[in-house]
Number of protein chains: 2
Amino acid sequence: MTTVSPEAVRAQGGTTEAEVRDVARRAKVASRALATANRMTKDAALRAVADALVAAADEIVTANAQDLDRGRAGGMSDGLLDRLALTPDRIGRIADALRDVAGLPDPVGEVVRGQTLPNGLRLRQVRVPMGVVGMIYEARPNVTVDAAGLALKSGNAVILRGGSAAAASNAVIVSVMRDALDASGLPADLVQSIDAYGRAGGVALMRARGLVDVLIPRGGADLIQTVVRESLVPVIETGVGNVHVYVDATADVAMAVAIVMNAKTQRVGVCNAAETLLVHEDAAPEFLPAALAALADAGVVLHGDPAAMSFAPAGADVVPATDEDWATEYLALELGVRVVPSLDAAIEHIRTWSSGHTEAIVTRDIAAADRFVAEVDSAAVMVNASTRFTDGGELGLGAEIGISTQKLHARGPMGLTELTTTKWVVTGDGHIKP
Amino acid sequence: MTTVSPEAVRAQGGTTEAEVRDVARRAKVASRALATANRMTKDAALRAVADALVAAADEIVTANAQDLDRGRAGGMSDGLLDRLALTPDRIGRIADALRDVAGLPDPVGEVVRGQTLPNGLRLRQVRVPMGVVGMIYEARPNVTVDAAGLALKSGNAVILRGGSAAAASNAVIVSVMRDALDASGLPADLVQSIDAYGRAGGVALMRARGLVDVLIPRGGADLIQTVVRESLVPVIETGVGNVHVYVDATADVAMAVAIVMNAKTQRVGVCNAAETLLVHEDAAPEFLPAALAALADAGVVLHGDPAAMSFAPAGADVVPATDEDWATEYLALELGVRVVPSLDAAIEHIRTWSSGHTEAIVTRDIAAADRFVAEVDSAAVMVNASTRFTDGGELGLGAEIGISTQKLHARGPMGLTELTTTKWVVTGDGHIKP
């Protein structure tokens with residue numbers, strides 16, 4: 001089974017917008033078959049897709065090599081090339097992640113609320129699939145499989161718009177997944193790619209209101225802001241993490257150093273890594289020399305305010321912080337450091353600069369912890385724990401399709417449940433409104 | 001306490017956009033005080049607002065008389081004038097509704113999910129207020145109070161943009177509510193109106209992304225579509241109801257007639273009233289003559305397909321239906337009627353024309369009911385009950401701020417819970433990610 005090429009359709013006089021709307025209509029039709037499929041059917045299809053990807057590993061690696069060659073020729077950084085690269089081992093792990101999703105409970109059919117009203121009407125609010133989920137994302141080809149797997153398990157069709165840097169890899173992966181679905185007796189159109197339509201395809205997807213039920217952008221801040229601004233389809237904003245760790249006056253110094261080091265250096269370039277360290281002035285004299293020395297040893301460039309810089313060890317890579325530093329998600333071995341006179345000042349700094357992803361407090365003071373939790377308005381608030389735990393896998397959701405930084409629908413890591421909506425089912429025996 | 005007039009601010013060189021952003025900033029600051037207020041404080045303030053509205057009834061009625069005069073001079077219909085009119089009795093009922101909201105459970109603080117992870121991290125997903133809710137609505141001044149009450153109870157500040165037809169009434173109502181909040185020790189800026197800024201104010205509100213957390217339009221289809229199209233703030237789409245009743249082959253005829261009559265005629269002009277009647281061809285010969293006679297007796301104009309028209313009683317007001325009829329939300333004593341060959345054809349008609357609000361099936365057949373419930377993709381699906389039950393009050397939510405016809409965040413009647421979001425609170429004792 002192959003998709004008709006955009007070129008072929010265009011030759012018949014179609015426009016990109018009309019073609020993408022046709023893709024979305026086919027997705028909607030396919031989604032209806034899946035919405036009423038039971039869990040056994042869905043899990044079997046997910047396992048079949050996993051097996052098919054492993055069986056097609058050579059073909060996928062060959063296509064991926066084209067993307068990598070193109071990337072190298074275009075001057076892509078080593079970090080991005082690594083994210084783009086697929087090996088048989090990585091394909092095996094991507095397939096295992098699909099099998100893990102097959103093992104998760106099915107969110108569809110869960111009765112969220114239910115009661116019998118005084119008039120005898122029986123109410124159930126039941127979890128049902130969204131319908132058609134659009135994903136717009138950047139280079140990583142594993143997202144192609146992850147997104148398709150989570151969408152299928154939650155009963156949705158998915159329309160994928162991946163980055164052009166991974167176009168050859170994604171084309172093969174999507175083709176393999178579609179064939180496996182078809183062989184499983186589910187519609188291949190549950191998984192469709194619009195990569196071949198380029199940027200215009202992405203724009204058309206954002207305009208397909210009524211055909212696409214939700215759009216999830218996943219990538220850098222520019223991509224996400226563009227989608228938020230342009231889309232007529234409801235969007236879930238994900239991922240930008242200007243994350244803070246606040247070390248309170250009463251913090252255990254060793255614990256605080258360990259948490260800051262973990263939050264900044266355990267993995268750089270992820271949205272739940274810390275970008276600014278705030279330190280209560282009473283904690284600074286003991287905590288900051290130890291923390292800044294450890295950070296400097298780990299190669300972290302420190303952007304400090306004057307008070308913080310006064311505690312930096314000799315020879316540390318320290319530069320004066322500006323407001324731009326407080327606003328920056330470095331995604332690198334760099335950290336803003338600021339000494340604050342109070343918990344209130346720390347909360348005010350976070351209110352001013354945070355992207356609402358994750359903030360942590362390190363403290364021994366119950367009142368300070370309670371106020372921080374209550375007054376910091378972020379998707380996740382950590383007490384005496386590293387910010388790196390804001391992750392669907394870590395928080396027990398099983399898998400995640402992204403981390404929402406908006407308040408509508410989903411906030412924080414989004415798993416299967418967040419890809420569903422609900423429906424009220426009301427059963428009577430001739431009930432009319434008096 | 002009075003609001004600074006837009007004219008005064010403009011004289012200082014401000015623009016509408018900047019001024020509305022200032023309104024939103026003040027709302028955000030005020031919302032922080034409310035987010036951590038306990039239920040007793042909020043309920044006391046709601047009761048104080050209710051008392052203040054009753055005490056100011058004369059002042060409100062006087063202002064309302066100006067709106068009514070302007071409406072009459074402008075040729076406003078009797079129906080709209082009735083919706084606009086306030087009397088001491090109506091103000092008393094609006095105040096009672098506020099007291100009812102005070103009696104509802106507080107959604108804020110509810111632990112939605114929680115567990116302790118294998119590593120000892122303690123997780124809680126806690127319900128918290130959205131922050132700042134924007135309402136854009138049309139003439140009915142009771143919405144001004146309802147929206148403010150539901151927003152306050154759920155811990156949110158509200159920014160109101162009411163219809164110009166109710167401007168004088170709303171100005172007095174908002175002023176009374178602000179004074180009562182101030183006297184209760186809560187910030188008056190929890191309730192602000194931007195009516196004085198006119199259309200430009202509404203546009204500025206739609207662009208206040210990052211300051212306003214959610215925008216809820218409530219009114220006609222044009223208003224809602226404009227907000228959906230223009231807003232950069234996340235929107236919850238409400239209210240348009242192209243609602244269907246399907247009478248299955250096995251329906252009890254008397255039950256079906258009663259449900260159709262109730263769904264169409266019990267109250268006209270509301271979003272949960274029926275607009276199209278679909279009838280299985282096997283039920284038509286017995287059901288339609290009875291139903292169409294009853295509908296015609298009630299003054300309902302029937303827009304029928306040829307098969308349906310063949311069953312109309314002599315002298316009934318019957319016109320041939322067109323595709324436009326299937327698409328129309330009449331909000332009047334008019335009804336589309338179509339005979340279909342099967343349940344599948346009924347579902348297909350609904351998929352094509354429904355706005356996804358509410359649909360009902362009347363049947364004695366379990367399999368038909370189950371398929372209708374599973375395959376009709378609407379916010380509410382009724383089995384042997386009138387569509388008029390899709391209402392926050394009827395469904396036990398206590399009150400509603402609107403009925404969502406989108407799938408993101410809220411679907412169907414929105415009560416207090418739907419005005420909240422959640423926050424992950426993660427507590428450790430020095431946990432770092434290995």
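Results, tabulated for the structure shown:
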{"quantity": "Residue count for the stretch B:382-399, restricted to those that are of a type in the set (A, V, I, L, M), open to solvent by 10 Å² or more (accessible area, probe 1.4 Å) and touching a Pro at 6+ places or on another chain (Cβ under 8 Å)", "calculated": "1"}
{"quantity": "Strands (runs of 3 or more DSSP E) wholly inside the stretch B:25-139 containing at least 1 residues that are touching a Pro at 6+ places or on another chain (Cβ under 9 Å)", "calculated": "B:122-129, B:132-137"}
{"quantity": "Subset of the stretch B:232-256 that is more than 10 Å from chain A (Cβ to nearest Cβ) and over 21 Å from B:ILE347 (Cβ atoms) - its residue that is modelled with the highest pLDDT", "calculated": "B:VAL253"}
{"quantity": "Residue count for the stretch A:219-238, restricted to those that are in contact with an Asp or Glu (Cβ under 9 Å, 6 or more places away or on another chain) and either in contact (Cβ under 8 Å) with a residue 12 or more places away in the chain or surrounded by fewer than 14 Cβ atoms within 10 Å (Cβ to Cβ) (or both)", "calculated": "9"}
{"quantity": "Top-ranked residue in the stretch A:303-316 [being closer than 21 Å to A:MET255 by Cα and of a type in the set (A, V, I, L, M); ranked as most open to solvent (accessible area, probe 1.4 Å)]", "calculated": "A:ALA312"}
{"quantity": "Selection status of A:ASP370, open to solvent by 20 Å² or more (accessible area, probe 1.4 Å), assigned to a helix (DSSP H, G or I) and under 16 Å from B:VAL426 (Cβ atoms)", "calculated": "yes"}
{"quantity": "Enumeration of residues in the stretch A:277-302 that are open to solvent by 20 Å² or more (accessible area, probe 1.4 Å) and without any contact (Cβ under 8 Å) to a residue 60 or more places away in the chain", "calculated": "A:ASP282, A:PRO285, A:GLU286, A:PRO289, A:ALA290, A:ALA293, A:ALA294, A:ALA296, A:ASP297, A:ALA298, A:GLY299, A:VAL301"}
{"quantity": "Failed criterion for A:GLU329 (all others in (1) open to solvent by 10 Å² or more (accessible area, probe 1.4 Å); (2) of a type outside the set (S, T, N, Q); (3) assigned to a helix (DSSP H, G or I); (4) more than 11 Å from every other protein chain (Cβ to nearest Cβ) hold)", "calculated": "(3)"}
{"quantity": "Of all residues in the stretch B:380-412 being among the polar types (S, T, N, Q) and in a loop (DSSP other than H, G, I, E, B), the one that is farthest from B:ALA221 (Cα to Cα)", "calculated": "B:SER386"}
{"quantity": "Selected residue (only one of B:VAL376, B:VAL319, B:VAL339 is farther than 16 Å from B:TYR246 by Cα and either of a type outside the set (Asp, Glu) or surrounded by 16 or more Cβ atoms within 10 Å (Cβ to Cβ) (or both))", "calculated": "B:VAL319"}
{"quantity": "Some residue of the stretch B:366-384 being touching a helix residue (DSSP H, G or I) at 6+ places or on another chain (Cβ under 6 Å), more than 9 Å from every other protein chain (Cβ to nearest Cβ) and of a type outside the set (A, V, I, L, M, F, W, C)", "calculated": "no"}
{"quantity": "Residue list for the stretch B:400-434, restricted to those being buried (at least 23 other Cβ atoms within 10 Å of the Cβ), within 9 Å of chain A (Cβ to nearest Cβ) and touching an Asp or Glu at 6+ places or on another chain (Cβ under 6 Å)", "calculated": "B:LYS407, B:ALA410, B:PRO413"}
{"quantity": "Only one of B:ALA97, B:ALA35, B:ALA24, B:ALA30 that is modelled with pLDDT of 95 or more and within 18 Å of B:LEU150 (Cβ to Cβ)", "calculated": "B:ALA30"}
{"quantity": "Of the criteria (1) of a type in the set (A, V, I, L, M, F, W, C); (2) touching a strand residue (DSSP E or B) at 6+ places or on another chain (Cβ under 8 Å); (3) closer than 22 Å to A:SER169 by Cα; (4) away from chain B (no Cβ under 11 Å), which one A:VAL111 fails", "calculated": "(3)"}
{"quantity": "Where B:GLU138 falls short, out of the listed (1) within 10 Å of another protein chain (Cβ to nearest Cβ); (2) open to solvent by 30 Å² or more (accessible area, probe 1.4 Å); (3) in contact (Cβ under 8 Å) with a residue 60 or more places away in the chain", "calculated": "(1)"}
{"quantity": "B:LEU34 under 20 Å from B:LEU152 (Cβ atoms), within 14 Å of chain A (Cβ to nearest Cβ), open to solvent by less than 20 Å² (accessible area, probe 1.4 Å) and hydrophobic (A, V, I, L, M, F, W, C)", "calculated": "yes"}
{"quantity": "Residue check for B:LEU190: more than 14 Å from chain A (Cβ to nearest Cβ), touching a Gly at 6+ places or on another chain (Cβ under 7 Å) and either at pLDDT 90 or above or more than 30 Å from B:ASP51 (Cα to Cα) (or both)", "calculated": "no"}
{"quantity": "Conditions (1) in the same structural domain as B:GLU359 (by TED's automatic domain parsing); (2) under 21 Å from B:ILE350 (Cβ atoms); (3) open to solvent by 10 Å² or more (accessible area, probe 1.4 Å); number of the one not met by B:ARG267", "calculated": "(2)"}
{"quantity": "From the options A:VAL362, A:VAL319, A:VAL279, A:VAL337, residue that is of a type in the set (Val, Ile, Thr) and at pLDDT below 95", "calculated": "A:VAL319"}
{"quantity": "Hey, B:ALA291 part of a loop (DSSP other than H, G, I, E, B), modelled with pLDDT of 95 or more and either touching a Pro at 6+ places or on another chain (Cβ under 8 Å) or not basic (Lys, Arg) (or both) or not", "calculated": "no"}
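The values are calculated or read from the model by the stated rules, or taken from the named source; none is laboratory data. Bear in mind the structure is a predicted one, so any value in this text is a computation, not a measurement. We place every Cβ from the backbone using ideal geometry, glycine too, and count neighbours over all the protein chains shown. Accessible surface areas use protein heavy atoms only, side chains included; no ligands, DNA or RNA. Shrake-Rupley method; radii C 1.70, N 1.55, O 1.52, S 1.80 Å.
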